[in-house]
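**Q** Quick one: the structure is below, and I'll ask about it shortly.
The values are calculated or read from the model by the stated rules, or taken from the named source; none is laboratory data. All of these numbers come straight from a predicted model, not from anything done at the bench. Neighbour counts are summed over all protein chains in view; Cβ atoms, including those assigned to glycine, are modelled from backbone coordinates with ideal geometry.
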């Protein structure tokens, strides 16, 4: 009953790597539906929009108590999925929530900043300047989220068993490395 957590930088192709790993292993992929499940459990469906709106473009207000209930629900959903096993969990601080969980492999997908900017500009059809701002804001928000709510440094390599640079490797190669690393720890 293995679980893989994948933390990723915007534009690092970490979500694509997660999909490839889940496909190769026949594992369930838990990503955006995790947000929805947690929002429903905490009794605040609009919290899903707040969390998905990572750049705060929609300006949806969220109270601290609502967000704390949401975080508790996320932790519950992540732990339940890990107990079931055979799952790839993308984001939501899975590497922190499942730190020390037997059978968990924690992965971080990274890439050089300018390459991530190019990827985001191409994928979203926006200017390089807009993409640069979007990637920088995403990095800042993800870093602040982990610092504020989990008191860890997102970039701390000790949170991860494996850090893969998608600027130097293709998605399928990263997926094969993750599958191999998982097989080595079993």
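**Q** When you look at residue 74, is it assigned to a helix (DSSP H, G or I), out of contact with any strand residue (DSSP E or B) (no Cβ under 7 Å at 6 or more places or on another chain) and crowded, with 22+ Cβ neighbours inside 10 Å, yes or no?
**A** Against the criterion (assigned to a helix (DSSP H, G or I), out of contact with any strand residue (DSSP E or B) (no Cβ under 7 Å at 6 or more places or on another chain) and crowded, with 22+ Cβ neighbours inside 10 Å), residue 74 qualifies.
**Q** Filter the range 161-184 down to residues that are in a loop (DSSP other than H, G, I, E, B), modelled with pLDDT of 95 or more and surrounded by fewer than 18 Cβ atoms within 10 Å (Cβ to Cβ), then give me how many there are.
**A** Within the range 161-184, residues that are in a loop (DSSP other than H, G, I, E, B), modelled with pLDDT of 95 or more and surrounded by fewer than 18 Cβ atoms within 10 Å (Cβ to Cβ) number 3.
**Q** Restrict the check to the range 114-121 and report whether at least one residue is surrounded by 14 or more Cβ atoms within 10 Å (Cβ to Cβ) and either at pLDDT below 95 or part of a loop (DSSP other than H, G, I, E, B) (or both).
**A** no
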